[in-house]
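Below: one structure, written as structure tokens.
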Amino acid sequence: MKIAVIGSGGWGTALSLLLHENGHEITLCSYSQEESDHLAQTLENPFLKGVALPADYTYTADPACVAGKQMVVIVPPSFAVRSTAQRIAPYLDEDALLVSATKGIEENTGMRMSQIIASVTGKPVVALSGPSHAEEVSRKIPTGVVAACQNRQLAERVQDVLMNPRFRVYTSCDPVGVELAAALKNVIALCAGVCDGMNYGDNTKALLMTRGLTEIARLGMALGSRQDTFAGLAGVGDLIVTCTSMHSRNRRAGILIGQGKDVQTAMKEVGAVVEGYYAAKSAMELSQKVGVEMPITREAYEVLYHGKSPADALATLMTRKKSHETEDAGWNEKAD
């Protein structure tokens, strides 16, 4: 199969390597010609040091490269998904299978990545997500992800193309839940990093992760997702890997913030896009729109955008009004 991967960051490159390993003909498209030339000349992505890139790729920065491709995997940073879709849309074949592998929510519109691509191209899109650090996938470490689409046949086609003995792909009919979990766990991972930077322990991180997943699921359910999605790879699986690994840019940025660095300095030191920063604002807008309470996300937003200190944010969370752990406590009110 002829496949174009649009976006040559760490994750896009890792996916291209997987697809090449599965026997497909790969075109790797960068944002700029300078980036593309660097990859072609060095055969190494600076985000995946020590991982050799195949010489038989087509390296390009031309969006017209999607013409004649049976599958197009779209993997730019979340803030560039709309512009990227607009650039490639005129050249897509009518029956091209589109895959969105970017995690995020668009600012102002609240749209998921697959929604943006579908609205621009007029084509159905399969969302790919799960606990999948590019650094590990590129080194052939066993990984599992989810291909989500309301069209079962399209999800299963993506499953067939990507799956191999070290990369397991499950299918899901719930792109809403899969994509929301993918985007919003970055906010929680950033918070987990802050806790690490402040030298809090495992108890704090466990509290943060479990309550964070609860509020993500609460928003997802309000927007029409399935509850069980958040107990799967795209939910708790991705949350675990992103909150606990130093591969996570969100966690690394959070550590620096917890150590006292300002937000912009922390993100610059990480040296790559920190998606949780953008997701916190989009999540706040979405939660307010649908009337869902997301206290952790709200405090993250206050720290990231309004300069609230992490210590004050934690104090606000720890001294909130008492509540049950679940929406329906389940007690028999007539019992003694």
| field | the stretch 124-160: trypsin sites (Lys or Arg not before Pro) falling in loop per DSSP and having at most 10 other Cβ within 10 Å | value | none
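Can you bin the stretch 27-73 into rounded, prolate or oblate? Criterion: square roots of the alpha carbon gyration tensor eigenvalues sorted a ≥ b ≥ c, rounded for a/c under 1.5, prolate for a/b above b/c, oblate for the rest. Write down the numbers at each step before the final one.
Values: a/c = 2.22, a/b = 1.65, b/c = 1.34.
Since a/c reaches 1.5 and a/b is larger than b/c, the shape of the stretch 27-73 is classed as prolate.
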| Distance (nanometres) between label positions extended 7 Å along Cα→Cβ at Ala55 and Ala40 | 1.5 nm
| Local electrostatic count at Gly177 - Lys and Arg +1, Asp and Glu -1, tallied over other residues with Cβ under 9 Å | -2
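Could you tell me which GluC sites (Glu not before Pro) in the stretch 98-201 are loop residues by DSSP with no more than 16 other beta carbons within 10 angstrom of their beta carbon?
Details: sites: Glu106, Glu107, Glu135, Glu136, Glu156, Glu179; in loops: Glu106, Glu107.
Those that pass, being in a loop and sparsely packed, are Glu107.
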| field | GluC sites (Glu not before Pro) restricted to the stretch 5-104 and DSSP loop, no more than 15 other C-beta within 10 Å | value | Glu94
| note | Compactness summary of the chain: radius of gyration and Dmax from Cα atoms, Å, are 20.1, 76
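Local charge sum around Ala80 (other residues, Cβ-Cβ under 11 Å, Lys/Arg +1, Asp/Glu -1)? Don't skip to the answer; put the middle values down first.
Working: positive: Arg82, Arg87; negative: Glu106.
Taking every other residue near Ala80 into account, the sum is +1.
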| message | How are the alpha carbon pair distances in the stretch 227-281 distributed across 5 Å bins from zero to the largest one, expressed in percent? | response | 4, 20, 24, 23, 15, 8, 5, 1
| query | Roughly how many Å is it from the Cα centre of the stretch 250-307 to that of the stretch 210-240, as a whole number? | reply | 19 Å
| task | Would you kindly derive the ³J(HN,Hα) couplings of the stretch 207-214 from the backbone phi angles with the Karplus curve 6.51 cos²θ - 1.76 cosθ + 1.60 (θ = phi - 60°), listing them in order in whole Hz, with x for Gly and Pro? | result | 4, 4, 5, 5, 6, x, 5, 4
| ³J(HN,Hα) computed for each position of the stretch 123-135 - Karplus, 6.51 cos²θ - 1.76 cosθ + 1.60, integer Hz, glycine/proline x | 10, x, 9, 9, 8, 10, 7, x, x, 8, 4, 4, 4
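Suppose only helical runs count, i.e. DSSP H with n ≥ 4. What mean residue ellipticity at 222 nm does that imply for the chain under -39500 (n - 2.57) per run, divided by all residues and rounded to the nearest 500 deg cm²/dmol? Display every interim value, and only then the final one.
Details: 14 runs with 160 residues, N = 336.
When only DSSP H runs of four or more count, the value is -14500 deg cm²/dmol.
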| remark: Given 5-13, 85-93, the highest-first ranking by average Cβ count within 10 Å works out to 5-13, 85-93
| field | Where the chain is the region considered: accessible area per residue in Å², 1.4 Å probe | value | 46 Å²
| request: Would you mind listing how long the stretch 183-336 runs along its three principal axes, going by Cα atoms, in whole Å with the largest first? | output: 56, 30, 29
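Of the cross-linked pairs Lys123/Lys281; Lys205/Lys281; Lys281/Lys308; Lys123/Lys185; Lys69/Lys123; Lys103/Lys281, which ones have a Cα-Cα span greater than 18 Å in the structure shown? Show your work: numbers first, answer last.
Working: Lys123/Lys281 28 Å; Lys205/Lys281 22 Å; Lys281/Lys308 15 Å; Lys123/Lys185 27 Å; Lys69/Lys123 14 Å; Lys103/Lys281 14 Å.
Where the Cα-Cα span goes over 18 Å, the pairs concerned are Lys123/Lys281; Lys205/Lys281; Lys123/Lys185.
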| task | Mind checking which aspartates and glutamates have their Cα closer than 17 Å to the Cα of Lys322? Skip sequence neighbours fewer than 8 apart in that chain. | result | Glu215, Glu293
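Which of rounded, prolate or oblate describes the stretch 113-233 when judged by the alpha-carbon gyration tensor and an a/c cut-off of 1.5? Display every interim value, and only then the final one.
On the way: a/c = 2.21, a/b = 1.43, b/c = 1.55.
Cα axes put the stretch 113-233 in the oblate bin.
By the scheme Lys and Arg +1, Asp and Glu -1, what is the net charge of all other residues having a beta-carbon under 11 Å from that of Glu285? Before the final figure, lay out the partial values.
Numbers: positive: Lys281, Lys289; negative: Glu106, Glu107.
Result for the neighbourhood of Glu285: 0.
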| said: Based on alpha-carbon centroids, what's the gap between the stretch 164-202 and the stretch 78-153 in Å, whole number please? | reply: 16 Å
| message | Please list, in order along the stretch 28-37, the HN-Hα scalar couplings obtained from phi with the Karplus expression 6.51 cos²θ - 1.76 cosθ + 1.60 (θ = phi - 60°), rounded to whole Hz, x for Gly and Pro. | response | 10, 9, 9, 5, 10, 5, 4, 4, 5, 4
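Carbon and sulfur together cover what percent of the accessible area of the chain at a 1.4 Å probe radius? Before the final figure, lay out each step's value.
Values: 7760 of 15430 Å².
Exposed carbon and sulfur together represent 50 percent of the surface.
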| query | What is the stretch 167-238 by shape, rounded, prolate or oblate, if you read a ≥ b ≥ c off the alpha carbon gyration tensor as root eigenvalues and call it rounded for a/c under 1.5, prolate for a/b larger than b/c, and oblate otherwise? | reply | prolate
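When the chain is fully extended, how far beyond the present Cα-Cα distance does Glu25 get from Gln70, taking 0.36 nm per residue of separation? If you can, show how the numbers build up before the last one.
Details: separation 45, 0.36 × 45 = 16.20 nm, distance 1.04 nm.
Answer, rounded to one decimal: 15.2 nm.
The values are calculated or read from the model by the stated rules, or taken from the named source; none is laboratory data. Note that the structure is predicted; figures quoted are calculated from it, not measured. Here Cβ is always computed from backbone atoms with ideal geometry, including for glycine, and neighbour counts include all displayed protein chains. Ligands, DNA and RNA are excluded from the accessible area calculation, which covers all protein heavy atoms including side chains. Shrake-Rupley method; radii C 1.70, N 1.55, O 1.52, S 1.80 Å.
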